[in-house]
Amino acid sequence: MPAASADGATAFVRASGTGFAVDGKPFYVTGVNNHYLTFGSQNEITRVLDDAVAMGANVVRIILQPVIGSFDGSAVTIWNWRGRADASDLGVNGAYLLYWDPQRSAMAVNDGPDGMQKIDFLIAECGKRHLKLIVAFLDFWAYTGGAQQMRAWYGSSDKSGFFFHDPRTRRDYENWIAHVVQRVNPLTGSAYRDDPTIMAWELMNEGNANPESLRLTWTAEMSAYVKSLDPNHLVGSGYANVSEKLSDLTIPTLDFGTWHGYPLYYKLTVQQFDDTISEFCRLAAAAGKPVLLEEFGYARSNPDQSAAYAMWLDTLATHPDCAGWVVWRLVARQDSGRYPADNHDQFDVRNDGGPLWNTLSAAARAGRRREASEPLDAKGNRP
């Protein structure tokens, strides 16, 4: 019997054809990404979650980070761990989840207040707000360490292959998965694998293993490993999957597909990106699995930003085989009192009453209307 989360819910999100369901009812994902919830202060965490609720979101996607070297410097930290920037600018203020222990010559996990206890707090606060979590076990990128820091522990400079095939990093990764899913949250009394606040696990954010055959083999093996430890939760790859056209969706131990859409990066017009959304939803129908547009962004310097989002979100809401969206990225005021500057990508979403905020809030309301109008049979499946 699953344990109750902080909101008293006991039903896990599950796949139902090309959509999701909870407790026999449709669950259309209207979500937000945030990159600093695993190392921000408690006030920074709750401000983001409160704004997610205000927007009408039902899912928050996070990446478990940071990862560092060793404290004695024998295993170098490859990123600026001691930087004093705001959390949104990757100032982690001493937080870390994984590190290299030179005494044991092995990976170690920080279960303290500047480590896993931050994740405990985040899960408990999401439960109180009826928000579900998509949790990526690791980031591929080196912004706060990620897989690049873990391969650096072993002296490798191979950014795309080593982590995925070396037996030492594979062992470290499996040990990390086991530690996370079996951890008991003292704030809820539930092991993570028994907590329905968590919607899904993802293997890695944008795990760009090369060659493609290595990525697919690793994804199949590691998703099966997660399933062996935790049969309760959905599992996705977390891969960007645009050029590969969801090539990992046929892996049996992946419950849903993911793709990350940044139209200007792929040299797509607003209309071409809208066509791509429909294409990927048709791929979901062909595979009989849900597919999430779980990252997307279009800079606010584009005068048609809000109109573009409105078009894409409407396509997602009205296409019967689209399972939802998770925008990149929701931010709130930092402890400094400032919003992040976001002068580079210009993807930030803020609770400022502006056109983009209003567009996303309207899309979240449309998601709730879709849930209310979408029938499921007595077993909670689409007829």
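The values are calculated or read from the model by the stated rules, or taken from the named source; none is laboratory data. None of the values given here were measured: they were computed from a predicted structure. Cβ placement follows ideal geometry from the backbone for every residue including glycine, while neighbour counts extend to all protein chains displayed. Side chains included, ligands, DNA and RNA excluded: accessible areas come from the protein's heavy atoms. Shrake-Rupley method; radii C 1.70, N 1.55, O 1.52, S 1.80 Å.
Numbers at a glance
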read-out: Of all residues making up region 251-265, the number that are over 13 Å from residue 238 (Cα atoms), open to solvent by less than 70 Å² (accessible area, probe 1.4 Å) and among the hydroxyl-bearing types (Ser, Thr, Tyr); value: 2
read-out: Residues satisfying the stated conditions in region 1-18, i.e. over 18 Å from residue 56 (Cβ atoms), open to solvent by less than 30 Å² (accessible area, probe 1.4 Å) and modelled with pLDDT of 95 or more; value: 16, 18
read-out: Sole residue being within 19 Å of residue 28 (Cα to Cα), touching a residue at least 40 places away in the same chain (Cβ under 8 Å) and in contact with a His (Cβ under 9 Å, 6 or more places away or on another chain), chosen from 255, 321; value: 255
read-out: Output for region 83-109, where each listed residue is surrounded by fewer than 20 Cβ atoms within 10 Å (Cβ to Cβ) and closer than 23 Å to residue 176 by Cβ; value: 90, 93, 94, 101, 102, 103, 104, 105, 106, 108, 109
read-out: Of residues in region 221-261 being in contact with a helix residue (DSSP H, G or I) (Cβ under 6 Å, 6 or more places away or on another chain) and of a type in the set (Asp, Glu), the one nearest to residue 324 (Cα to Cα); value: 248
read-out: Number of the condition not met by residue 208 [criteria: (1) open to solvent by 50 Å² or more (accessible area, probe 1.4 Å); (2) in a loop (DSSP other than H, G, I, E, B)]; value: (1)
read-out: Residue among 94, 112, 69, 127 that is touching a Phe, Trp or Tyr at 6+ places or on another chain (Cβ under 6 Å) and modelled with pLDDT of 95 or more; value: 69
read-out: Conditions (1) within 29 Å of residue 246 (Cα to Cα); (2) within 23 Å of the chain's Cα centre (by Cα); (3) surrounded by fewer than 23 Cβ atoms within 10 Å (Cβ to Cβ); (4) at pLDDT 95 or above: number failed by residue 306; value: (2)
read-out: From 235, 270, residue being at pLDDT 95 or above and in contact with a strand residue (DSSP E or B) (Cβ under 8 Å, 6 or more places away or on another chain); value: 235
read-out: Members of region 346-383 found to be on the phi < 0 side of the Ramachandran plot, at pLDDT 95 or above and in a loop (DSSP other than H, G, I, E, B), listed by number; value: 347, 348, 350, 351, 352, 354
read-out: All positions within region 157-194 that are in a loop (DSSP other than H, G, I, E, B) and either basic (Lys, Arg) or in contact with a strand residue (DSSP E or B) (Cβ under 9 Å, 6 or more places away or on another chain) (or both); value: 159, 183, 185, 190
